[in-house]
1. Of everything in region 735-764, what is loosely packed, with under 15 Cβ neighbours inside 10 Å and either modelled with pLDDT of 90 or more or within 17 Å of residue 584 (Cβ to Cβ) (or both)? Give them in sequence order.
2. Out of curiosity, is residue 351 free of Cβ contacts under 8 Å to residues at least 40 places away in the same chain and under 26 Å from residue 107 (Cα atoms)?
3. Select, from 720, 689, 712, the only residue that is more than 28 Å from residue 642 (Cβ to Cβ) and under 42 Å from the mean Cα position of the chain (by Cα).
4. Taking residue 413, is it buried (at least 22 other Cβ atoms within 10 Å of the Cβ) and at pLDDT 90 or above?
5. Touching a residue at least 12 places away in the same chain (Cβ under 8 Å), buried (at least 17 other Cβ atoms within 10 Å of the Cβ) and farther than 26 Å from residue 78 by Cβ, is that true of residue 357?
6. Give region 397-412 a look and list any residue that's in contact (Cβ under 8 Å) with a residue 24 or more places away in the chain and either part of a strand (DSSP E or B) or in contact with a strand residue (DSSP E or B) (Cβ under 9 Å, 6 or more places away or on another chain) (or both), or say none.
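The values are calculated or read from the model by the stated rules, or taken from the named source; none is laboratory data. As the structure is a prediction and not an experimental result, all values here were calculated from the model. Every residue, glycine as well, gets a Cβ built from its backbone with ideal geometry; the counts of neighbours run over all protein chains shown.
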């Protein structure tokens, strides 16, 4: 050590100073020796700990391969449709290929997939990317025999008894409680063709309708998943192990660790080797050069400074890494974000444009149906849970190389590259299957559905904007068609979307400029035959298109989020016009969006004050859709409306989600029988029975019953004889503007036909 030699050889006439120098040199030397010893020991300890940790991680990963394989089997084996298909007299080979062979092989890497009938005869086998003859399972009979026997209740004592982690996991799912009582499963690590393999067997069960279950032994789904080179690469990637290999003997190199692999029947399958981490070596490589500089006493401070610098550098690197990750990923779901998805889609489109292959970029644009209802009823925390669960399920049902993104809010996007012409349908099926099971949030099992719009490049666009716009148009069509479905984009949809957009913009202007008209349809008493009220109905005359049906512009207003503003304008107009006929009651429809807006009570209070109306003369109509998943906010809104004197009517009763529980839970003054039931009286006795039951129910609950869409004398006579309270429809009068209604009311005198129904009212419009 030159520095120490310089200290000890320094000439000085001061003996005290020399002694001090010698002590300093000795101290530096001893400190250096101690420091080197500590470093060497720490390095050896770190290396040993790293090897032990890696061994434990690898062993646990192999054990959990059994649990994971059973869970992968469950995704298709516990399914009503699959059970029905397998137990049918002639199972569809295409269905078995797609839902069992192809799905388990391509998605999860199962090497052999077999279905056994109740007598353990093979009825289906899939291996090496193709369907095989069931008899091809015979070479593997000895491999699967103990596992099948264990499922059939004759457990082999030669196999290792593992904790039933799979059964414990299933307790979290309420909807499969019944299947769990009858389901059986088994999984073991065994030798197959000289290679270790995960061998699992699971009973095929319905997951919802247990009435499908047939007596006798169940069918079995058996999988063999070889722990081959592909499996080792997967484990190496997930466990961050390098040079992971399997062979008859351990790798003899000093930097390698090894672990004997024992199967569940006590056989040594071979040895797993890998290049172990050596943090101790890295530690000594950094510290030794510093120590060799002379073991300066000031090295303690320098070392401390180095540690602080290293810590700061680590934090900076981590922050930079997190920043790069956050720039491309959604914080809530962990999925790619919109920008990252667009970047990857652009890359895919570039490769497709420059390639002559038949590969296409399939984009699925997904919107969770009625997500706002979850936020409104259960709170935003529940909405966050739902988003994360949907993200997890989508990730589990697509291929490993597919890109999933949270596109914003409750919207997701999937990028699927495939040359298969059926790829859009396959992708849609996987998405639907991912959301098939209810999602439990805060003790409630929610049945979640999604609307899906699909576009494929290059035929549906060669730029990111075009592809996403067309997928969005298809998504709109899916939602407009009733939700819970997938629709592939077609050329005609773009033109329709442009028309809707033009109508939407014109509608916004018409609402802002108070150009929405209101027509009124008389409501007639079945007993006095007098006009006792009117229903206010929105009407719009476009400057170019002319009359636009409410069936067209109302859904557009709801989709565009302007329905609350439109509904408020109609309600304000009705309140203003009511003063011309204060003896009548006025019925006004409240859309679900209008009803659920946070300030609906404040809006009613303001309009009541501005127009000086008596709330007792106004009937606010809501549909059964408002009452779905009704939470505290819905109840408070209903109570607030009634407390202010407004009356409430349940509109279109019987056409939506009809539940008598609504009439018991919520207080209504009226129920309105939909036109479809009124028209059905002349076609079927069943309709008459239903209508009679609704009228009796309403009467028993103290509610008035209004028949909508009465268009013939026979219908009017039938509804009167059945005890209906009020009627409206074209038989009496069409909707008319306010001046026409005032003229009509002035001239109208109640009269009764010989049939006992009010005489037809001539339309004044």
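1. Matches in region 735-764: 739, 743, 746, 747, 749, 750.
2. Numbers: free of Cβ contacts under 8 Å to residues at least 40 places away in the same chain: yes; under 26 Å from residue 107 (Cα atoms): yes.
So residue 351 fits the description; yes.
3. Numbers: 720 fails: under 42 Å from the mean Cα position of the chain (by Cα); 712 fails: under 42 Å from the mean Cα position of the chain (by Cα).
That would be 689, the only listed residue that is more than 28 Å from residue 642 (Cβ to Cβ) and under 42 Å from the mean Cα position of the chain (by Cα).
4. Numbers: buried (at least 22 other Cβ atoms within 10 Å of the Cβ): yes; at pLDDT 90 or above: yes.
In short, yes.
5. Details: touching a residue at least 12 places away in the same chain (Cβ under 8 Å): yes; buried (at least 17 other Cβ atoms within 10 Å of the Cβ): no; farther than 26 Å from residue 78 by Cβ: yes.
No; evaluated as a whole, the condition is false for this residue.
6. 398, 399, 403, 404, 405, 406, 407, 408, 409, 410, 411, 412
Let's see how each residue does on (1) in contact (Cβ under 8 Å) with a residue 60 or more places away in the chain; (2) surrounded by 20 or more Cβ atoms within 10 Å (Cβ to Cβ); (3) over 42 Å from the mean Cα position of the chain (by Cα):
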{"position": "550", "(1), (2), (3)": "no, no, no"}
{"position": "583", "(1), (2), (3)": "no, no, yes"}
{"position": "594", "(1), (2), (3)": "no, yes, no"}
{"position": "603", "(1), (2), (3)": "no, no, no"}
{"position": "617", "(1), (2), (3)": "no, no, yes"}
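Matching residues to (1) more than 30 Å from residue 482 (Cβ to Cβ); (2) buried (at least 17 other Cβ atoms within 10 Å of the Cβ); (3) modelled with pLDDT under 85:
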| residue | (1), (2), (3) |
| --- | --- |
| 640 | yes, no, no |
| 665 | no, no, yes |
| 674 | no, yes, no |
| 678 | no, yes, no |
| 685 | no, no, yes |
| 696 | yes, no, no |
| 706 | no, yes, no |
